[in-house]
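Written out below as structure tokens is the structure these notes cover.
The values are calculated or read from the model by the stated rules, or taken from the named source; none is laboratory data. Keep in mind that what you see is a predicted model, and the values were worked out from it rather than measured. With ideal geometry, Cβ positions are generated from the backbone for all residues, glycine too; neighbour counts draw on all protein chains shown.
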Amino acid sequence: MASSQEPLTTGKAVLDRNPDKFLSRSVHDLISLKGRTIVITGGGRGLGLAFGFAVAEVGGNVAVIDLLDKPHDHFQKLATEFNVKVKLYKSDVTNYGHLQATFDEIVKDFGRIDGLVTAAGICPDEPFLNREPESVARCMNINVLGTYYAAQLAARQMAKQEPAEFNPRGGSIVLIASIAAHVASKGQTTSDYCASKGAVVSLAKALGVELAAVGIRVNSISPGPSPAPCFMIACFVLPQANDDTAAGGIDIMVNEPPMRRIGDRTDLKVPVVYLLSDAGAYHTSDDLLITGGIHAGRLM
């Protein structure tokens, strides 16, 4: 007779016969990324940099990929204050060969990849009837193909690497989508951006199903309105034509969400760690909407 501590196997399904496991795994243990290496595209500033801090704060090593010649000044704080390994790699997510070489370099430097966050993205704001093909292609290349390439390269490494005590198998991929994948942006004309983020949400669902067999979870996060330096944000870009237009954009972001406030990068730090860590071990093929409620409806 099988021990009560041994898993019960039925066909391909495995039933956990240790229902008291929750007693030995604390929340602090589940949320930890100690020993794991997380790759973050677009991590030199904005949301990506905030995700780097979130990972480092729970013990994870951080490999940042960005096209910037120089990251935000806060990167130095990330690199020196958390007693984890942090390194910046300059690379273009739309250039597959270059990006592949970058991932190879990350594996050489860190030994493995346990998680990926795809925060690289752009958000053009121009009427649909005026959009130029080259501009549309650039948005799609960065937001869709750049996300696809990074996810593929990370997943290939996760699937083949040796197990570790802190990560016996696979890994976790978090794709940064947007509320724009679900509802149009009031006061903006971001058709290609909305389409690109819709593709990211669909990609996460498909990959979560396909890669489950090799122990890789894939989810997306759709942030709501939130400002970042230089008016660049994950889900919207405020128009910069003049001060009145920018003020109008801020007014929309404050007053449209039911919670009546703009989101903050702090609102996304714990969700991204949850999805990367063992705390989210049974969570895949999902899109987390962190929008202040705007995905459900706008205040009248």
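Listed values, structure above:
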item	result
Checklist (1) loosely packed, with under 15 Cβ neighbours inside 10 Å; (2) over 25 Å from Lys34 (Cβ atoms) applied to Ala164, failing item	(2)
Members of the stretch 29-48 that are closer than 14 Å to Val270 by Cα and surrounded by 22 or more Cβ atoms within 10 Å (Cβ to Cβ)	Leu33, Leu47, Gly48
Extreme residue, nearest to the chain's Cα centre (by Cα), among residues of the stretch 260-288 that are surrounded by 18 or more Cβ atoms within 10 Å (Cβ to Cβ) and of a type in the set (Ser, Thr, Tyr)	Tyr274
Residue selected from the stretch 249-259 under the condition of a type in the set (Val, Ile, Thr) and surrounded by fewer than 17 Cβ atoms within 10 Å (Cβ to Cβ), by the criterion modelled with the highest pLDDT	Val254
Of all residues making up the stretch 159-189, the number that are more than 26 Å from Gly215 (Cα to Cα) and free of Cβ contacts under 8 Å to residues at least 12 places away in the same chain	1
Every residue from the stretch 26-43 that is more than 14 Å from the chain's Cα centre (by Cα) and not hydroxyl-bearing (Ser, Thr, Tyr)	Val27, His28, Asp29, Leu30, Ile31, Leu33, Lys34, Gly35, Arg36
Candidate set: the stretch 168-187, residues that are surrounded by fewer than 21 Cβ atoms within 10 Å (Cβ to Cβ) and at negative phi; chosen: the one nearest to the chain's Cα centre (by Cα)	His182
Residue match in the stretch 165-184 (condition: among the acidic types (Asp, Glu) and in a helix (DSSP H, G or I))	no
Out of Ala159, Ala79, Ala155, sole residue that is closer than 25 Å to Leu203 by Cα, buried (at least 17 other Cβ atoms within 10 Å of the Cβ) and at pLDDT 95 or above	Ala155
Enumeration of residues in the stretch 125-156 that are in contact with a helix residue (DSSP H, G or I) (Cβ under 6 Å, 6 or more places away or on another chain) and more than 16 Å from Tyr193 (Cα to Cα)	Tyr149, Leu153
Unmet criterion (only one of (1) over 19 Å from Pro271 (Cα atoms); (2) assigned to a helix (DSSP H, G or I); (3) touching a residue at least 40 places away in the same chain (Cβ under 8 Å)) for Cys194	(3)
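Conditions (1) within 29 Å of Arg25 (Cα to Cα); (2) out of contact with any Cys (no Cβ under 6 Å at 6 or more places or on another chain); (3) not small (Gly, Ala, Ser), marked per residue:
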site: Leu88; (1), (2), (3): no, yes, yes
site: Ser91; (1), (2), (3): no, yes, no
site: Ile106; (1), (2), (3): no, yes, yes
site: Gly121; (1), (2), (3): no, yes, no
site: Glu126; (1), (2), (3): no, yes, yes
site: Met158; (1), (2), (3): yes, yes, yes
site: Glu162; (1), (2), (3): yes, yes, yes
site: Asn167; (1), (2), (3): yes, yes, yes
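The rows are residues; the columns are (1) more than 18 Å from the chain's Cα centre (by Cα); (2) of a type outside the set (D, E, K, R); (3) crowded, with 18+ Cβ neighbours inside 10 Å; (4) modelled with pLDDT of 75 or more.
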| site | (1), (2), (3), (4) |
| --- | --- |
| Asp192 | yes, no, yes, yes |
| Ser196 | no, yes, yes, yes |
| Val200 | no, yes, yes, yes |
| Leu203 | no, yes, yes, yes |
| Ser220 | no, yes, yes, yes |
| Cys230 | yes, yes, no, no |
| Asn242 | yes, yes, no, no |
| Ala246 | yes, yes, no, no |
